[in-house]
Amino acid sequence: MFGEHELKTQFIKIADKKIHLVERPGDTVLYRRDDVRVLIKKGNGGLWVLPAPAEGYGVDFLMIKLTEKMAIPPKERVTGYLSAPIDISVRSGNAEIDRFVVGREKYALYGRITSGVIARYHTSEFHTEVPEATGVVKLVINNPTEKWKLVERVVIPIKGSTMFYSKERAYYPLVVLTTKEPYEVNNTGNPPDGTLTATHRAEPVPNFRMRW
């Protein structure tokens with residue numbers, strides 16, 4: 001699914017979407033996906049299918065609500081995984097020829113009605129192992145305080161974020177949620193697993209102070 005594909009006649013299945021490549025005369029290949037059509041002149045490389053942060057209509061944040069609240073003891077931390085939405089970026093050379101959403105696209109208002117922002121929205125269980133999902137967030141929840149803390153959602157800055165991938169799964173960078181007031185979220189830019197490939201050079205996204 002993810003990675004480089006040969007420019008030849010074939011189908012490429014990406015979650016609930018399908019890309020069709022058809023070889024044409026003149027050393028060209030027609031790219032088709034739903035109503036998108038792009039004619040590609042063959043060069044040295046192939047077609048790259050890569051995960052991208054779930055910016056959708058141009059949002060800066062991804063809000064994931066936990067199906068069950070997490071209670072964290074004082075001076076403790078817990079590490080787990082969340083399923084997460086992603087976008088798909090299709091590239092020929094360094095040109096993005098297509099970008100689309102897989103799965104159901106949802107948005108929600110984060111913050112107050114008068115001053116909040118629209119965020120990509122998703123619900124997920126907190127998993128102790130990598131879930132069977134196309135998109136995954138590895139989350140560390142750190143409670144450095146002297147009090148028990150509750151976590152019911154995490155709001156992650158994703159604008160321009162690096163992504164990591166294996167052949168069949170996409171990962172956001174490691175995310176650390178620190179439960180001091182206000183809660184602080186760090187999209188570290190670091191790979192959650194050293195075996196994964198980065199979509200581009202990994203850089204941390206500025207910390208985000210999450211308000212409830």
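Structure above, values below:
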| quantity | calculated |
| --- | --- |
| Enumeration of residues in the stretch 132-153 that are open to solvent by 50 Å² or more (accessible area, probe 1.4 Å), more than 30 Å from VAL101 (Cβ to Cβ) and out of contact with any strand residue (DSSP E or B) (no Cβ under 8 Å at 6 or more places or on another chain) | GLU146, LYS147 |
| Any chance ALA108 is modelled with pLDDT under 95, open to solvent by 10 Å² or more (accessible area, probe 1.4 Å) and hydrophobic (A, V, I, L, M, F, W, C) | yes |
| Count - residues of the stretch 22-52 that are charged (D, E, K, R) and out of contact with any strand residue (DSSP E or B) (no Cβ under 6 Å at 6 or more places or on another chain) | 5 |
| Odd one out for THR162 among (1) open to solvent by 30 Å² or more (accessible area, probe 1.4 Å); (2) at negative phi; (3) assigned to a loop (DSSP other than H, G, I, E, B) | (1) |
| Meets criteria (open to solvent by 40 Å² or more (accessible area, probe 1.4 Å) and either at pLDDT below 90 or among the hydroxyl-bearing types (Ser, Thr, Tyr) (or both)) for SER124 | no |
| Looking only at the stretch 109-152, and only at residues there that are of a type in the set (Lys, Arg) and part of a strand (DSSP E or B), the one that is farthest from PHE164 (Cα to Cα) | LYS149 |
| Lone qualifier among LEU30, LEU66, LEU21 - being assigned to a strand (DSSP E or B), at negative phi, without any contact (Cβ under 8 Å) to a residue 12 or more places away in the chain and surrounded by 13 or more Cβ atoms within 10 Å (Cβ to Cβ) | LEU30 |
| All positions within the stretch 44-62 that are open to solvent by 10 Å² or more (accessible area, probe 1.4 Å), over 25 Å from PHE11 (Cβ atoms) and part of a strand (DSSP E or B) | PHE61 |
| Residues of the stretch 33-43 satisfying the condition of being surrounded by fewer than 16 Cβ atoms within 10 Å (Cβ to Cβ) and closer than 22 Å to TYR165 by Cα | none |
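The values are calculated or read from the model by the stated rules, or taken from the named source; none is laboratory data. Computed from a predicted model, the values in this text were never measured in an experiment. Every residue, glycine as well, gets a Cβ built from its backbone with ideal geometry; the counts of neighbours run over all protein chains shown. Accessible surface is based on the protein model in full, side chains and every heavy atom, while ligands, DNA and RNA are left aside. Shrake-Rupley method; radii C 1.70, N 1.55, O 1.52, S 1.80 Å.
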